[in-house]
Amino acid sequence: MHYDTATGRHGLKFDPFKALAVPRPIGWIGTLGADGQPNLAPYSFFNAVSDRPPMVVFSSGGHKDSLRNILANGEFTCSLSTLDLRDQMNMSSATVAAGVDEFALAGLTATPGVTVRAPRVGESPAAFECKLWKTLDMPSPADGKGVTYTVVFGLVTGIYIDDAFIRDGIVDTPAMKPLARLGYMDYSVLSPETVFSLNRPTVAADGRSASVVPGPWDGVYR
Ligand SMILES: Cc1cc2nc3c(=O)[nH]c(=O)nc-3n(C[C@H](O)[C@H](O)[C@H](O)COP(=O)(O)O)c2cc1C
């Protein structure tokens with residue numbers, strides 16, 4: 001099948017777009033309200049967009065509390081959501097009234113950042129501390145229905161890693177069991193069994209061919 005997104009006539013039960021943009025990491029966004037109240041919510045329109053300097057983005061459908069707080073004080077954190085914390089992550093997405101602390105609602109610890117005042121999830125094995133770089137308003141939906149998204153760009157100013165997940169100078173990400181968002185109400189998890197390595201191709205001197213060292217990572221960072 002093929003459909004034109006301008007018509008939206010896909011003939012399926014639900015819009016398939018998010019079921020195909022997969023797997024998406026989940027940025028678990030921690031902010032502080034104007035009154036100093038912690039706020040937490042998951043965002044799967046989230047990703048890293050640069051590593052020098054390290055920068056992340058997330059996208060808010062309408063002006064939700066996280067975006068409002070970031071526009072007010074310029075700071076946020078993104079904690080890693082993991083299999084062990086899936087129910088807490090889900091609970092923190094509840095559309096409770098502004099001013100309700102979703103850390104408390106989900107039974108999580110709001111741990112202050114080092115380079116930002118915004119709190120991270122104390123139980124999460126990793127978190128980025130971010131300062132707002134800029135926001136960008138997305139186009140409104142063609143049919144005029146629904147919310148307009150705003151993308152938030154953050155400069156990562158500090159990174160927390162639970163030392164228990166650092167082995168031989170390498171972060172053991174699969175051991176953290178990070179969640180991935182799929183379509184509908186589906187999720188997946190990154191685990192040691194599903195991770196494999198590929199050596200990056202080496203280009204020949206004449207620039208016209210390339211070869212790959214077979215097998216697991218040879219330890220050269222290409
Ligand atoms: C896994 C997951 C991913 C989500 N991703 C987004 C997203 O990318 N953008 C968005 O606007 N809402 C997203 N939501 C919904 C928000 O988490 C929800 O609206 C939340 O109440 C917003 O909280 P806030 O007002 O405190 O920012 C997601 C929910 C879940 C469970």
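Readers should treat all values here as calculations from the given coordinates under stated rules, not as data from a laboratory. In this text the structure is predicted, and so the values were computed from the model without any measurement. Neighbour counts run over all protein chains shown; Cβ positions are idealised from the backbone, glycine included.
If you average the C-alpha positions of region 1-32 and of region 190-222 separately, how far apart do those two centres end up, in angstrom?
31 Å
Estimate the FRET efficiency between LYS13 and THR157 by the formula 1/(1 + (r/R0)^6), using the beta-carbon distance for r and 41 Å for R0, to the nearest 0.05. Can you show the working numbers first?
Details: r = 43 Å, r/R0 = 1.05.
FRET efficiency, LYS13 to THR157: 0.45.
Counting only pairs 8 or more places apart or on different chains, how many lysine pairs in the chain have C-alpha atoms closer than 21 Å? Don't skip to the end; give the middle numbers.
On the way: LYS13/LYS145; LYS18/LYS64; LYS18/LYS145; LYS64/LYS131; LYS64/LYS134; LYS64/LYS145.
Qualifying lysine pairs in the chain: 6.
From the convex hull of the Cα coordinates of region 22-211, what is the mean projected area in square nanometres?
Result: a mean projected hull area of 14.2 nm².
Calculate, in nm to one decimal, what VAL147 and THR115 gain on full extension: separation in residues at 0.36 nm each, minus their alpha carbon distance.
Working: separation 32, 0.36 × 32 = 11.52 nm, distance 3.25 nm.
This chain segment gains 8.3 nm when fully extended.
How large is the dipole of the chain about the Cα centre if only Lys and Arg carry +1 and Asp and Glu carry -1, each at its Cβ, rounded to the nearest 20 debye? Walk me through the intermediate numbers first.
Values: 19 positive and 22 negative charges, 118 e Å.
So the magnitude is around 560 debye.
With a 10 Å radius around each residue's Cβ, average the other Cβ atoms per peptide and rank 176-188, 93-105, highest first. Kindly include the intermediate steps, with their values, before the conclusion.
Values: 176-188: 16.8, 93-105: 14.1.
Per-residue mean Cβ counts within 10 Å order the peptides as 176-188, 93-105.
Work out how much length THR202 to ARG167 would gain on full extension: take 0.36 nm times their residue separation and subtract the Cα-Cα distance, in nm to one decimal. Present the calculation step by step, with values, prior to reporting the outcome.
Values: separation 35, 0.36 × 35 = 12.60 nm, distance 2.76 nm.
Gain on stretching THR202 to ARG167: 9.8 nm.
Calculate the FRET efficiency for VAL195 and ALA21 from the Cβ-Cβ distance with a Förster distance of 22 Å, rounded to the nearest 0.05.
Values: r = 21 Å, r/R0 = 0.96.
The computed FRET efficiency comes out at 0.55.
With unit charges on the beta carbons (Lys and Arg positive, Asp and Glu negative) and the dipole taken about the Cα centre of region 107-213, which residue among VAL171, PRO141, GLY113 sits farthest to the positive side?
Checking the options against the dipole of region 107-213, the answer is PRO141.
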